[in-house]
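Trainee: Can you read through this structure? Questions will come right after.
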Amino acid sequence: MTQFLSLLLNGVSLGALYALIALGFVIIFKASEVVSFTHGSLLLLGAYTIARASDSIGFFPAVLVGLAVTALAAVLVERLIINRLRGAAVISLAIVTIGVDIIILTEMIRRIGSDILNVPHPWGGGSFRLGDVGISQNRLVAIAVAAVLIGLFFAAFKYSNWGIAMRASAEDGETAALMGIKQGQVSALAWVVAGILAAVAALFLVGSPTPGVTPAAYAVGLRAFPAAILGGLDSTGGALVGGLLIGIAEALAAGYQDQLLFLGRGFSAVVPFIVMIAVLMFRPSGLFGTKELTRV
Amino acid sequence: MTAGSPVEADVRPDIPPVEVDNVSVRFGAIKALSGVSFTVQPGTIHAVIGPNGAGKSTMFNVLSGVYKAAEGQVRFGDHRLDQMRPYKIAGIGVARAFQNIALSAGQTVAENLMLGRHHLTKAGFLAAGLRLPRATREGKVHGARVAEIAEFLELGNKLHTPVGVLSYGDQKRVEVARALCTEPRLLLLDEPVAGMNAEETHRMAEAILEIRSALGISVVLVEHDMGMVMSLADRVTVLDFGRRIADGTPAEVQADPEVIRAYLGSGDEIDPAAAAAHSSDTPGTHS
Amino acid sequence: MSESTAVAAKGATRRNGAKGSNGAGGGRSARSLIKLLLVAALLVVLLALPLYVPEFWLRTGFAVFGAIVGAIGLNLLVGTTGQLSLAHAFFLAVGAVSYVFVSGEPGGLGVADLDGLSFPPIVGMIVGVLLAGLAGLIFSPIAARLRGIYLGVASLALVFIGIHVLNAWTSVTGGFNGRTAPEFSLFGFTFGNRDPELYVIGVPFREAERLWYLGLVLALAAYLFARNILRSRPGRALQTLRDSEVAAAVMGVNVQGYKARIFLVSSMYAGLSGVMYALSIGSIAPESFGLELSILYLAMIVLGGLGSVNGAVLGAIFVSALPLVFQRYADIIPFVGGQGGGGLAAGEAARFLFGAAIILVILFEPAGLAGIANRITGRGRARARPGGGASTPPPSTDTSTTSTSPSPSDRPAQGSTT
């Protein structure tokens, strides 16, 4: 039982981080109709920048630099490429983000090489225990930070001008434009927010129990895609639920891997994808995604 | 012969009436159609009109199976259109021309029209990929018929032009031609002259009458051009806010006080009475 | 009077002078003659190449043929039908593994105990294609129901699940270390260095030469099959459902059925490509079939031209050959250094270039290399980008207001038809 609770807690923490990434994924989709495959490499970029910058300027300034660099990269993608392709086919937009992803990822792998970069988290690599239920301190801080950010995000999404503008243009772009909402700004801001969320997630994903920044962080970022899809690509609430679901499923599979050994070692890494397929089989638009009106 | 009443002998015997029976459609909390009923008699031109947002396009989407009706039935002979998927509906001879052109811009006119032959042909991946003789033969036979229909809609010399480079009026005609290529028993035309100039509108109206008299099929027309509706249609159903407010001959509908109120009250520029008067001078007005 | 003659007769009277169709027809036949000659010349060159070209390039050629088959298959799905898939590497893996398992010998290699069915290689190849198709078929109910973009992400799952299975199912795949691929042979004729020894005008025909011809035949068959599909009924249905699913459905196309079937066809292409990959490398390893391979294939079809079979061929050649060219001419090409030479490694340089090229193509030349080639050869057919149904300008209300054509005397009023 305690093992189960530990795993659950770890799953919630992992899921909260996935949810951060997935939220960015979803708002980009809502604001620019783009499925951004750049997210995995943005995450890596954030982690790398934080790790490198902490050597010289210390942890907290480095985090700020990391957030800024990732957000900047994201908004550059939006301004220089996506913005020019307004109205293009969704699939072309997705492919163009893959192009960006290849470039950033190649550069990251080139710079990191086979090193493992360490991020000196001030909360250290220790773990926190409540009775027999344990979690790494890093992941505990992650839960707190993610909860605050997710709360802020939903508040902003609901009440801020940006959130209202964004929901309006996702609902009906033409009308929103007529009402004076500048879609370009809404879209650019969405990318900034998504970049920051990804970098925050990266900050925690490369901490304990993970050894540090390696190109493998990219694959971790990819596991947030199922979170966004199974929640429903256009549903922020779905991203949160999807993130938690996937995080918990992955943590449980990792925890009980001895019992699951017949499925192969490292099975937990594919659990998010299996959960996604299972959901899509019954709900092609995800759990909370807008269903197609038309029948074909 | 007059456009007002179809000559009985011209109506193909295998064309049943379309019975729309108490159909409602909901999008979330919004009711796009509520309890709409009307009947399209075989071989007639039946217009569905109404101010913007009245539910005309929704009605078309129900007829062609794209939207599911929350309540009610749509019968076409023994078939329940409200329970069938669009491609099956096409298979029993219901064709539709889209209002906002839904052609493949990169394909030629001939290729777009050949799509209309889809349910009449069989070649699958294997037969087509290996160019089996039956696939080649099928393509030739149906290509000839497609060329005929293209001629009929004055597209004969544009068969090998990509649709994307055609003029707007030509593209509208390709839409109608593609629907005809399915050899329909019921033809659904969604605003076939929207955005056309007077000359083009006139030619399209002629073509529609010709289709009805030559093929003896039923035509359901959604149209904003009042002059055209009043001169072409045998019967008119008027929708407003998703409800049927009138149903009758053009003359009856024009005199209906509720119809006049709906058009005047909605601020829509089209006033059927005025438009009908107008239509004696010019072929039509545009929304 | 039958309906068709009525319509035809009417059409004849309405026809307004066909403008210059004769002239265009003459030009077309002259151009098609030139095209025919060019194709024939190309074929002769391809057939004669093994007599003159060193082994390295022939081996590269076989790898490229394999890539061409895979790229054509992916382009049918992504370019023609508008269904984004990142699962292509998975289906290549199914083909490759099936081949090495069905035609491989059982035995122990290092730590792993390998199973194998020892069937003739041609059986392995066919089973590879069929099993890849079967894998596609199993996934196709999902693929058919998802919108193109959902499929893009959902298909990621297959790649990761595939890698996991490859690593875990050691007895079949050889696990982490992979396993060797059996030599291909056909009715006793091996595509190896011996059995039989073979010379053609004094040139020894060994494995590289023989595989070259095998690749040429397979790629040509794959090419023609795809071309034929695109030019006939199923191809038109696929292109229309890419542009508008609703329009396709209303015109009688079973949209879900076609999405499922093209997924099947595409995965069978990938299966064959996977078998050829195994033959080309001589072995398989799980790490070869990762997301990176899927993305490479995507790069091929985007750079070559989405929806174009010729484009898939050009893209496959470009993407597979570029790293090799970089490797070979690293000293000459700026910024590209050899091992530890400070510059970029050849693979990295190629990846940067692919990434940038994808972005530039989507931004400036959506028709890709095929589009550029068409423009050079003057076949400037306005191919729209995928989903280009929307590229037609919306009906401008101007047309009705600005047109000043006089009212025709016979308006479509009562009784105007004859």
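The values are calculated or read from the model by the stated rules, or taken from the named source; none is laboratory data. Predicted model only: the values in this text are computed from it and were never measured. Every residue, glycine among them, receives a Cβ derived from its backbone with ideal geometry; neighbour counts consider all protein chains shown.
Trainee: Just to be sure before I move on: is A:Thr70 surrounded by 23 or more Cβ atoms within 10 Å (Cβ to Cβ) and farther than 23 Å from A:Val90 by Cα in the structure I sent?
Mentor: So A:Thr70 fits the description; yes.
Trainee: Can you name the residue in the range C:354-398 that is β-branched (Val, Ile, Thr) and surrounded by 17 or more Cβ atoms within 10 Å (Cβ to Cβ) and is also modelled with the lowest pLDDT among such residues?
Mentor: Top of the filtered list is C:Thr392.
Trainee: Taking interchain pairs and intrachain pairs at least six residues apart, which have beta carbon atoms under 9 angstrom, with the first residue in the range B:156-172 and more than 8 Å from every other protein chain (Cβ to nearest Cβ) and the second of a type in the set (Val, Ile, Thr) and in a loop (DSSP other than H, G, I, E, B)?
Mentor: As it stands, the answer is B:Leu166/C:Thr392; B:Asp170/B:Thr161; B:Lys172/B:Ile101; B:Lys172/B:Val193, since those pairs meet every condition given.
Trainee: Step by step: first the residues of the range C:243-255, then only those that are in a helix (DSSP H, G or I) and within 7 Å of another protein chain (Cβ to nearest Cβ), then the one that is surrounded by the most Cβ atoms within 10 Å (Cβ to Cβ). Which residue is that?
Mentor: C:Val250
Trainee: For the condition outside any strand (DSSP E or B), over 30 Å from A:Phe282 (Cβ atoms), out of contact with any Ser or Thr (no Cβ under 8 Å at 6 or more places or on another chain) and in contact (Cβ under 8 Å) with a residue 60 or more places away in the chain, what is the one hit in C:Ala96, C:Ala144?
Mentor: After ruling out the rest, the residue left standing is C:Ala96.
Trainee: Yes or no: A:Ser235 touching an Asp or Glu at 6+ places or on another chain (Cβ under 9 Å), buried (at least 18 other Cβ atoms within 10 Å of the Cβ) and either more than 10 Å from chain C (Cβ to nearest Cβ) or farther than 20 Å from C:Phe139 by Cα (or both)?
Mentor: So A:Ser235 fails the test.
Trainee: On the basis of being among the polar types (S, T, N, Q) and at pLDDT below 95, does C:Ser273 make the cut?
Mentor: Taking the combined requirement at face value, the residue does not satisfy it.
Trainee: Now, a different point. Scan B:Ala144, B:Ala177 and give me the residue that is in a helix (DSSP H, G or I) and within 26 Å of B:Pro16 (Cα to Cα).
Mentor: Within the list B:Ala144, B:Ala177, the selection yields B:Ala177.
Trainee: Can you tell which of A:Ala51, A:Ala62, A:Ala68 is among the hydrophobic types (A, V, I, L, M, F, W, C), part of a helix (DSSP H, G or I), free of Cβ contacts under 8 Å to residues at least 12 places away in the same chain and farther than 26 Å from A:Pro272 by Cα?
Mentor: Of A:Ala51, A:Ala62, A:Ala68, the one residue that is among the hydrophobic types (A, V, I, L, M, F, W, C), part of a helix (DSSP H, G or I), free of Cβ contacts under 8 Å to residues at least 12 places away in the same chain and farther than 26 Å from A:Pro272 by Cα is A:Ala68.
Trainee: Condition first: within 7 Å of chain C (Cβ to nearest Cβ), within 30 Å of C:Val265 (Cβ to Cβ) and at pLDDT below 95. Can you find one or more residues in the range B:65-74 that meet it?
Mentor: Yes, the range B:65-74 contains a residue that is within 7 Å of chain C (Cβ to nearest Cβ), within 30 Å of C:Val265 (Cβ to Cβ) and at pLDDT below 95.
Trainee: Residues of the range C:355-371 being more than 8 Å from chain A (Cβ to nearest Cβ), in a helix (DSSP H, G or I) and within 18 Å of the chain's Cα centre (by Cα), which ones?
Mentor: If the condition is that a residue be more than 8 Å from chain A (Cβ to nearest Cβ), in a helix (DSSP H, G or I) and within 18 Å of the chain's Cα centre (by Cα), then C:Val361, C:Gly368, C:Leu369, C:Ala370, C:Gly371 are the ones that fit.
Trainee: Of all the residues that make up the range B:157-189, how many are surrounded by fewer than 20 Cβ atoms within 10 Å (Cβ to Cβ) and of a type in the set (Val, Ile, Thr)?
Mentor: Here the count works out to 2.
Trainee: Out of all the residues in the range A:92-139, which are over 30 Å from C:Arg242 (Cα atoms) and of a type in the set (D, E, K, R)?
Mentor: Of everything in the range A:92-139, those that are over 30 Å from C:Arg242 (Cα atoms) and of a type in the set (D, E, K, R) turn out to be A:Glu107, A:Arg110, A:Arg111, A:Asp115, A:Arg129, A:Asp132, A:Arg139.
Trainee: Now for a different question. Filter the range B:194-233 for residues that are assigned to a loop (DSSP other than H, G, I, E, B), more than 9 Å from chain C (Cβ to nearest Cβ) and either farther than 18 Å from B:Gly50 by Cβ or modelled with pLDDT under 90 (or both) and give the result.
Mentor: Selection gives B:Ile217, B:Glu223, B:His224, B:Asp225.
Trainee: So which of C:Leu279, C:Leu238, C:Leu220, C:Leu264 is free of Cβ contacts under 8 Å to residues at least 24 places away in the same chain and either in contact with a helix residue (DSSP H, G or I) (Cβ under 8 Å, 6 or more places away or on another chain) or away from chain B (no Cβ under 12 Å) (or both)?
Mentor: Unique residue meeting the criteria: C:Leu220.
Trainee: Does C:Ile68 satisfy being modelled with pLDDT of 90 or more and under 30 Å from B:Val141 (Cβ atoms)?
Mentor: No.
Trainee: Separate question: Report yes if C:Leu156 is assigned to a helix (DSSP H, G or I), modelled with pLDDT of 85 or more, under 23 Å from the mean Cα position of the chain (by Cα) and at the interface with chain A (Cβ under 8 Å from one of its Cβ atoms), otherwise no.
Mentor: Criteria met by C:Leu156.
Trainee: Can I ask one more? Return yes or no: is C:Val265 at pLDDT 95 or above and either surrounded by fewer than 24 Cβ atoms within 10 Å (Cβ to Cβ) or within 14 Å of the chain's Cα centre (by Cα) (or both)?
Mentor: Considered against the rule, which asks whether it is at pLDDT 95 or above and either surrounded by fewer than 24 Cβ atoms within 10 Å (Cβ to Cβ) or within 14 Å of the chain's Cα centre (by Cα) (or both), C:Val265 comes out as yes.
Trainee: Further question: Only residues that are within 8 Å of another protein chain (Cβ to nearest Cβ), over 29 Å from B:Asp21 (Cα atoms) and in a helix (DSSP H, G or I): list them for the range B:77-111, please.
Mentor: The answer is B:Glu111, and nothing else.
Trainee: Exactly one condition in (1) more than 30 Å from C:Ala299 (Cα to Cα); (2) touching a strand residue (DSSP E or B) at 6+ places or on another chain (Cβ under 8 Å) is not met by A:Leu7; state its number.
Mentor: Going through (1) more than 30 Å from C:Ala299 (Cα to Cα); (2) touching a strand residue (DSSP E or B) at 6+ places or on another chain (Cβ under 8 Å) one by one, A:Leu7 breaks only (2).
Trainee: Could you list, in sequence order, all residues of the range A:252-282 that are in a loop (DSSP other than H, G, I, E, B) and either surrounded by 15 or more Cβ atoms within 10 Å (Cβ to Cβ) or touching a His at 6+ places or on another chain (Cβ under 6 Å) (or both)?
Mentor: Of everything in the range A:252-282, those that are in a loop (DSSP other than H, G, I, E, B) and either surrounded by 15 or more Cβ atoms within 10 Å (Cβ to Cβ) or touching a His at 6+ places or on another chain (Cβ under 6 Å) (or both) turn out to be A:Tyr256, A:Gln257, A:Leu260, A:Gly264.
Trainee: crowded, with 22+ Cβ neighbours inside 10 Å and more than 25 Å from B:Thr44 (Cβ to Cβ): does that describe B:Ala144?
Mentor: It is false that B:Ala144 is crowded, with 22+ Cβ neighbours inside 10 Å and more than 25 Å from B:Thr44 (Cβ to Cβ).
Trainee: Evaluate the following for A:Ile27: is it farther than 24 Å from A:Ala216 by Cα and crowded, with 24+ Cβ neighbours inside 10 Å?
Mentor: yes
Trainee: Condition first: part of a loop (DSSP other than H, G, I, E, B) and surrounded by 18 or more Cβ atoms within 10 Å (Cβ to Cβ). Can you find one or more residues in the range A:125-139 that meet it?
Mentor: No, there is no match, as no residue in the range A:125-139 is part of a loop (DSSP other than H, G, I, E, B) and surrounded by 18 or more Cβ atoms within 10 Å (Cβ to Cβ).
Trainee: I've got another one for you. Under 6 Å between Cβ atoms, at least 6 apart or on separate chains: pull out the pairs that start in the range B:63-88 with a residue that is surrounded by 22 or more Cβ atoms within 10 Å (Cβ to Cβ) and end on any residue that is basic (Lys, Arg).
Mentor: Filtered contacts from the range B:63-88: B:Ser64/B:Arg96; B:Gly65/B:Arg85.
Trainee: For the range C:268-291, how many residues are crowded, with 22+ Cβ neighbours inside 10 Å and of a type in the set (Val, Ile, Thr)?
Mentor: Matching residues across the range C:268-291 total 2.
Trainee: I'd like to know if the range B:246-266 contains one or more residues that are at pLDDT below 85, out of contact with any Lys or Arg (no Cβ under 6 Å at 6 or more places or on another chain) and part of a loop (DSSP other than H, G, I, E, B).
Mentor: No.
Trainee: Further, regarding this structure: Please go through the range A:210-228 and pick out each residue that is assigned to a helix (DSSP H, G or I) and of a type in the set (Val, Ile, Thr).
Mentor: Across the range A:210-228, the qualifying residue is only A:Val220.
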